[in-house]
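The values are calculated or read from the model by the stated rules, or taken from the named source; none is laboratory data. All values derive from a computational prediction rather than experimental measurement. Every residue, glycine among them, receives a Cβ derived from its backbone with ideal geometry; neighbour counts consider all protein chains shown.
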């Protein structure tokens, strides 16, 4: 996602090495994604669902979902 | 003794042979208080021998703080993936790793290297269109553990 939109920065954070970050964001199960340090996305989601959650958490929710094409 | 087995090294060599752009792994380390810096560097060191497009540049989190600030890095070990555009100017992929890229994160690193090195992203046009709606800075921090 960072690759296709220049506004996005993607950081993979190894939680056991940075327990302060893991505590700040209450990371227990992984993977867990924080969007701008505020919104949580739990688990490893397929791209459609992940993108939808990112957009929703940013308040730029997509319109009604179209027909799901093969993922 | 290398961390990657010989058959895996060959698989990576073959995969990296498809790269069309150079990938510079900017590695931020610190001299004291970084238990995993040596391990992280050791992992990264496995990669340049497998492709002449992969290089490592090391920077010190404290001594090179302008560089760290440029990439928004405030922890070590961290890796920033850079490439070059057609004019030869540096391009920040905006992909970073905080922590040693070991275990499961190693495959994420390899995927990231391939992507930055020219493999097409696995996103459809529909995905890209949706993502184009994002017009302000977004930081995605994906927390993982090595196993």
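A few comments on the model shown:
- Criterion applied to A:21, A:58 was being under 22 Å from residue B:92 (Cβ atoms), free of Cβ contacts under 8 Å to residues at least 40 places away in the same chain and surrounded by 19 or more Cβ atoms within 10 Å (Cβ to Cβ), and the one residue passing it is A:21.
- From the options B:81, B:131, B:115, residue that is crowded, with 19+ Cβ neighbours inside 10 Å, under 26 Å from residue A:48 (Cα atoms) and touching a residue at least 40 places away in the same chain (Cβ under 8 Å): B:81
- The lone exception for residue B:101 - which of (1) within 10 Å of the chain's Cα centre (by Cα); (2) more than 23 Å from residue B:138 (Cα to Cα) it fails: (2)
- Residue-level check: of (1) in contact with a strand residue (DSSP E or B) (Cβ under 8 Å, 6 or more places away or on another chain); (2) closer than 27 Å to residue A:16 by Cα; (3) modelled with pLDDT of 95 or more, residue B:63 misses just (1).
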